[in-house]
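**Q** After the structure tokens below, expect a handful of questions from me.
The values are calculated or read from the model by the stated rules, or taken from the named source; none is laboratory data. As the structure is a prediction and not an experimental result, all values here were calculated from the model. Neighbour counts are summed over all protein chains in view; Cβ atoms, including those assigned to glycine, are modelled from backbone coordinates with ideal geometry.
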């Protein structure tokens, strides 16, 4: 029998993954706008069927349009709007292609999640659908005259709104392809992930530090049923399940890690649960085709690193963009350095319940800054920004252990500066490195 706790966890995790996919799609929001436009058209036509004669008598100039004129106007609006929608789709695809080429394919998800672009696409297709619904109801001559005056007038206003949306879209695209906008969007998503995943400040007492760490003698391994990236883990449900079953659950993978079909995801101690119930624990680990930043702050940092390395490549040669990436990396790591990493061992009722793989701050720093230092190839502008980022992180570090995590990156930076020819070395950069080495930065 399926455990109700796991059934609820599986449903929530599936809905969460579905919502993440819908937010990153170009069809969901436009489809909602199209349906809403069609519904409004039907409601207005029904309203006109009751009050059209009264409105025509009240204001014949505003509501007294003929059948032929109404058809012609709505037909022109529908034709023009579907043409503009095609142009908008073309501009969007060109923007995505340019972004993938100039920055990184991994930042495309941020563009696809862009709500204004989705709304703009939906508005133009929605105007087209609205006009089609209203056009179908207009009758004249032998058919028995019926002209939904209010619906026709609203369609005209909808078309004028579409013109404003088109102007806004051109402005929005011009802003969104700028490096500062792209990096700002990535940094904002990563910052939200950091605040959600690491809410606790370093120095506060951490719960669950005491308890008997007795591990089961026999484990049941739950394997991945498909290949992909680990997108999310419902650790709270795992803890509740382990407490109710008086067992221990051990995670074998990290969020963001790629797993192949058949790779161990979890290990659960054999106890009062059946094999079928233990296999249901798989629903607590979400596996998908792409990494997502919601539970994977390191992926947000990796996107900034990708953009920096692409900017430093000989084909692009844009050190200014690389410096902007380093600035964002330094700001995010300075925010992260004061946060407590989650405990790998979680307790319930004074006993060990869940063993999880947890992020390591030192490794995140190395993965964020070391590739930039090594790829800078002696570019003192970039190296100076890396030195400033390290100084910013060091100043924000509340514990000596966090400052010690910067040593590998600092040593690599010092070695890279030493490779620069003496005549080309910046005196300010050398002085900054000496200050950092002496601990005065």
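**Q** So is residue 90 under 30 Å from residue 312 (Cα atoms), modelled with pLDDT of 80 or more, assigned to a helix (DSSP H, G or I) and out of contact with any strand residue (DSSP E or B) (no Cβ under 9 Å at 6 or more places or on another chain) or not?
**A** Yes; evaluated as a whole, the condition is true for this residue.
**Q** Got a number for residues in segment 83-95 being without any contact (Cβ under 8 Å) to a residue 60 or more places away in the chain and surrounded by fewer than 17 Cβ atoms within 10 Å (Cβ to Cβ)?
**A** The number of residues fulfilling the criteria is 7.
**Q** Something else about it: Considering each residue of segment 312-356, count those that are in a loop (DSSP other than H, G, I, E, B), farther than 29 Å from residue 188 by Cα and touching a strand residue (DSSP E or B) at 6+ places or on another chain (Cβ under 8 Å), and give that number.
**A** Qualifying residue count for the region: 1.
**Q** Continuing with this model, one more query. Would you be able to tell me the number of residues in segment 219-246 that are assigned to a loop (DSSP other than H, G, I, E, B) and surrounded by fewer than 19 Cβ atoms within 10 Å (Cβ to Cβ)?
**A** Counting residues in segment 219-246 that are assigned to a loop (DSSP other than H, G, I, E, B) and surrounded by fewer than 19 Cβ atoms within 10 Å (Cβ to Cβ) gives 4.
**Q** Restrict the check to segment 297-310 and report whether at least one residue is assigned to a loop (DSSP other than H, G, I, E, B) and assigned by TED's automatic domain parsing to the domain that holds residue 394.
**A** Looking for residues that are assigned to a loop (DSSP other than H, G, I, E, B) and assigned by TED's automatic domain parsing to the domain that holds residue 394, one finds none in segment 297-310, hence no.
**Q** Of the residues 61, 51, 57, 106, which is touching a helix residue (DSSP H, G or I) at 6+ places or on another chain (Cβ under 7 Å) and modelled with pLDDT under 85?
**A** 106
**Q** Can you run down the residue pairs with Cβ atoms below 7 Å, 6 or more apart or on separate chains, where the first is in segment 324-346 and in the same structural domain as residue 301 (by TED's automatic domain parsing) and the partner is part of a strand (DSSP E or B) and modelled with pLDDT under 90?
**A** Filtered contacts from segment 324-346: 338/201; 339/201; 340/201; 344/355; 345/352; 345/355; 346/353; 346/354.
**Q** A further question follows. I want to confirm something. Restricting to segment 186-201 and keeping residues that are touching a strand residue (DSSP E or B) at 6+ places or on another chain (Cβ under 8 Å) and surrounded by fewer than 17 Cβ atoms within 10 Å (Cβ to Cβ), which single residue is modelled with the highest pLDDT?
**A** Checked segment 186-201; the qualifying residue modelled with the highest pLDDT is 199.
**Q** Right, another one. Return the only residue of 285, 293, 354 being farther than 30 Å from residue 220 by Cβ and either out of contact with any helix residue (DSSP H, G or I) (no Cβ under 9 Å at 6 or more places or on another chain) or surrounded by 20 or more Cβ atoms within 10 Å (Cβ to Cβ) (or both).
**A** When all the criteria are applied, what remains is 293.
**Q** Please verify whether residue 183 is in contact with a helix residue (DSSP H, G or I) (Cβ under 8 Å, 6 or more places away or on another chain), under 26 Å from residue 95 (Cα atoms), at pLDDT 85 or above and surrounded by 18 or more Cβ atoms within 10 Å (Cβ to Cβ), treating the condition exactly as stated.
**A** yes
**Q** When the residues of segment 1-40 are filtered to those that are outside any helix (DSSP H, G or I) and over 21 Å from residue 89 (Cα atoms), which remaining residue is modelled with the highest pLDDT?
**A** Among those that are outside any helix (DSSP H, G or I) and over 21 Å from residue 89 (Cα atoms), it is 3.
**Q** When you go through (1) closer than 30 Å to residue 98 by Cβ; (2) surrounded by 18 or more Cβ atoms within 10 Å (Cβ to Cβ) one by one for residue 334, which number turns out not to apply?
**A** (1)
**Q** Still on this structure, please answer the following. Do we have residue 99 as assigned to a helix (DSSP H, G or I), touching a helix residue (DSSP H, G or I) at 6+ places or on another chain (Cβ under 8 Å) and at pLDDT 85 or above here?
**A** When the stated conditions are applied, residue 99 does not pass them.
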